[in-house]
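Novice: Input: one structure, supplied below.
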Amino acid sequence: MEYVKNKLNSIYMTKKTKMPIFEIGEVVMLNSGGPDMTVKYIVGTNKIKDTDYLIANHSIGDVVCEWFESEVLKNGIFNPFTITKKESDKKKQKL
């Protein structure tokens, strides 16, 4: 029941604050710069997985990303307001 209550509160906050929407597989980067990262998972999309993230004090809507650093796969969990979608090369060519 608590999970549902938190999810409903999150949906309300998403609409109220216009939280950025990301899709799995999308390429993003930190607003402050850094490597290209791939969206792996969004907290709030799978109740079973979400339990682990919520216990670790992450919020619904947080974005799990992966990237390579010196050929080593890294990952991190980011607040959606701290990352932006990376423009694809095709979009850049059209501009």
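Each row is one residue, and each column tells you yes or no for (1) buried (at least 19 other Cβ atoms within 10 Å of the Cβ); (2) farther than 15 Å from Pro20 by Cβ; (3) of a type outside the set (Lys, Arg).
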{"position": "Lys40", "(1), (2), (3)": "no, yes, no"}
{"position": "Lys49", "(1), (2), (3)": "no, yes, no"}
{"position": "Asp52", "(1), (2), (3)": "no, yes, yes"}
{"position": "Ile55", "(1), (2), (3)": "no, yes, yes"}
{"position": "Ser59", "(1), (2), (3)": "no, no, yes"}
{"position": "Cys65", "(1), (2), (3)": "yes, no, yes"}
{"position": "Val72", "(1), (2), (3)": "no, yes, yes"}
{"position": "Phe78", "(1), (2), (3)": "no, no, yes"}
{"position": "Ile83", "(1), (2), (3)": "yes, no, yes"}
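Novice: Here is a check on your reading of the model: is Thr38 among the β-branched types (Val, Ile, Thr) and at pLDDT 85 or above?
Specialist: Spelling it out, Thr38 is indeed among the β-branched types (Val, Ile, Thr) and at pLDDT 85 or above.
Novice: Sticking with this one: Given the conditions (1) part of a helix (DSSP H, G or I); (2) at pLDDT 95 or above, which single one is not true for Lys74?
Specialist: (1)
Novice: Can you name the condition, by its number, that Ile55 falls short on among (1) aliphatic (A, V, I, L, M); (2) at pLDDT below 85; (3) under 10 Å from the mean Cα position of the chain (by Cα)?
Specialist: It fails just one condition, (3).
The values are calculated or read from the model by the stated rules, or taken from the named source; none is laboratory data. The structure displayed is predicted, hence computed values, not measured ones. With ideal geometry, Cβ positions are generated from the backbone for all residues, glycine too; neighbour counts draw on all protein chains shown.
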